[in-house]
Amino acid sequence: MSVPRAEYDPRRIFLISCPSLPFFKHRRAVGIYTAGALFALAHAMFFDACALSAHAKPPKDAPHDTVPVHVTFVDWLPGIFTTLGLLIINLIDKERLLSEGSYGGEPNIIWRARLFLFIGFALMAGGLAGSVVRICVVSRGKGADRLFISVTPRAQVYRA
């Protein structure tokens, strides 16, 4: 079965086209602002969890026990790696990636731009993997009352 020639667009991927909604013409701006809002919300939640864990006290029935969950530097690492990867990817000039010839008189500039793009994605993937491992280690055997402190460092990574 083929699509009639009048409705055929070689740039289309799917057979069924998306409906035309009023905000679709601004979808790039909506996506950018939504990503920025999620970025700010995740960092705010992470800093809230850091403050909450810094002032956490042991349970009243066992005052000599240690506090079950603290946000340590190890919890900061996935967020740091993911944020660095995000910055590296967003700082790359897209024209250098799309050009085939030498850009700016230097023939290796495309190769270097692609290398930095790979490094940025590797940092983001490493932060995500470290975050998954860390939540498995931290949340094992902890109560549901400490779930907020365990999950917010991971939410910081998943927004990217």
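Readers should treat all values here as calculations from the given coordinates under stated rules, not as data from a laboratory. Treat the numbers as computed from the prediction; the structure is a model and nothing was measured. For neighbour counting, all protein chains shown are included, and Cβ atoms are generated from backbone atoms with ideal geometry for every residue, glycine included.
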### Task
Place the peptides 74-83, 89-98, 44-53, 58-67 in order of packing, highest mean first, counting for every residue the other Cβ atoms within 10 Å and averaging per peptide.
74-83, 44-53, 89-98, 58-67
### Message
Taking 22 Å as R0, compute the FRET efficiency from the Cβ-Cβ separation of Phe47 and Val67 and round it to 0.05.
### Response
0.75
### Query
When the Karplus curve 6.51 cos²θ - 1.76 cosθ + 1.60 is applied with θ = phi - 60°, which whole-Hz ³J(HN,Hα) does each residue of the stretch 74-91 get, with x for Gly and Pro?
5, 6, 6, 4, x, x, 5, 4, 5, 5, 4, x, 5, 5, 4, 5, 6, 8
